[in-house]
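Trainee: Okay, handing you the structure first.
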């Protein structure tokens, strides 16, 4: 099977899936077609490191003729996001020719579904999506809200499948327990625990809870300020903790001022941008990972990585990855919309309950290990591709990647 994955550019979150596909169909049969250079901001975050030796990557700008020929002749094409109209048209032309094409997309109305009533917008969506509603074409929904967007415009009926991003899976041993867990100190009453944890003798059994936040300091999207507000609440409750914040951006000065004004310098460390592999190492030492992005976050691959690292993840349910990956109270905690009060209340209770931290972190790891990983995703994707190429019916799995969205 000659398989072509078309997207804007490759990054460290996509490479593991690509390698797993190649393990199944053979390295020479797979190509990742980049349609644009990576943005400077992403490069500054370390996303472009070690990308030069990927022999399976083709760049459209370097040989557009060969790229379009590859799209036309491949057995199956998986089309992601691209700004190139020529690439888009070449991929969609495959449908009219009866060739196998699979789409993948994040939300198309993440800023509001009211945009679906725009005549101009609907015309564009008709050309790209709606006109193919009866064709043998599946849409892989990268995020829990993508399927709802496409149902709104009656595209891909009964052909919307769960999808996402699949960072490298790593074996991570069970993290060290806490002294109080074995000794059963402070009992099981979380509220009482919060009140007595202060400077009591029992609290000396605790080491500080290690908390991590990572991302761009973007106003109105990532909400890094929520993490600092939680830090203030933890300090007020006398719960021992350390918070590391990885990243940078427009809110950096504002966040640093808040740390100084609220005397949080002993508990909070600003790390700046770090390469992705360094962030993964920090996740392995963290107990709690905070993911505070709102509905403007299409997916959020750091959620996969933190769960893989056995972190207890506290995440906003508006981001695309969260409803797919986290079941509240089972393998993580979620908060609604941009409800900061709920976020802080759950964060304080979680930081005070060491048994819950361990239980959620271990369950999170199992979710990634057992289903939401590059190997499982690649095997199911190749199965879907084979069905399309051979004109056979496709039966989605019951749960996880490529189950019905």
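Trainee: Taking only the alpha-carbon atoms of the chain, what semi-axes of the equivalent ellipsoid follow from 5 times the gyration tensor eigenvalues under a square root, in whole Å, largest first?
Mentor: Values: eigenvalues 343, 89, 83 Å².
That gives 41, 21, 20 Å for the three semi-axes.
Trainee: Now for a different question. How high is the relative contact order of segment 179-370, in percent, counting Cα pairs under 8 Å that sit 6 or more residues apart?
Mentor: Averaging sequence separation for qualifying contacts and normalising by length gives 22 percent for segment 179-370.
Trainee: Roughly how tilted is helix 340-351, in degrees to the nearest 10 and between 0 and 90, from the longest Cα axis of the chain?
Mentor: Orientation of helix 340-351: about 60 degrees from the principal axis.
Trainee: Right, something else. By how many degrees, between 0 and 90 and to the nearest 10, does the Cα long axis of helix 85-96 differ from the longest principal axis of the chain?
Mentor: Computed tilt is about 70 degrees.
Trainee: Summing -39500 (n - 2.57) over the DSSP H runs of n ≥ 4 in the chain and dividing by its residue number, what mean residue ellipticity at 222 nm do you reach, to the nearest 500 deg cm²/dmol?
Mentor: So the helix-based figure for the chain works out to -11500 deg cm²/dmol.
Trainee: Can you tell me the orientation of helix 252-261 relative to the chain, as the angle in degrees between its alpha-carbon axis and the longest Cα principal axis, to the nearest 10?
Mentor: So the inclination is approximately 10 degrees.
Trainee: Output the peptides 390-398, 276-284 sorted from most to least packed, where packing is the average of other Cβ atoms within 10 Å over each peptide's residues.
Mentor: Taking the mean over residues of other Cβ atoms within 10 Å, the ranking is 276-284, 390-398.
Trainee: If you average the alpha carbon positions of segment 121-139 and of segment 69-119, how far apart do those two centres end up, in angstrom?
Mentor: 9 Å
Trainee: Packing-wise, with mean Cβ within 10 Å as the measure, how do 114-125, 330-341 rank, highest first?
Mentor: Values: 114-125: 11.7, 330-341: 17.0.
Result, highest mean first: 330-341, 114-125.
Trainee: Using the alpha-carbon centroid of each, what span in Å lies between segment 313-376 and segment 213-250?
Mentor: Cα centroid of segment 313-376 versus Cα centroid of segment 213-250: 17 Å apart.
Trainee: In Å and on Cα atoms, what radius of gyration and Dmax does segment 179-370 show?
Mentor: 15.6, 45
Since every read-out is calculated from the coordinates, none of them should be taken as a lab result. It should be emphasised that the depicted structure is a prediction, and the values quoted were computed from it without experimental measurement. Cβ sites come from the backbone with ideal geometry, for glycine too, and all protein chains shown count toward neighbours.
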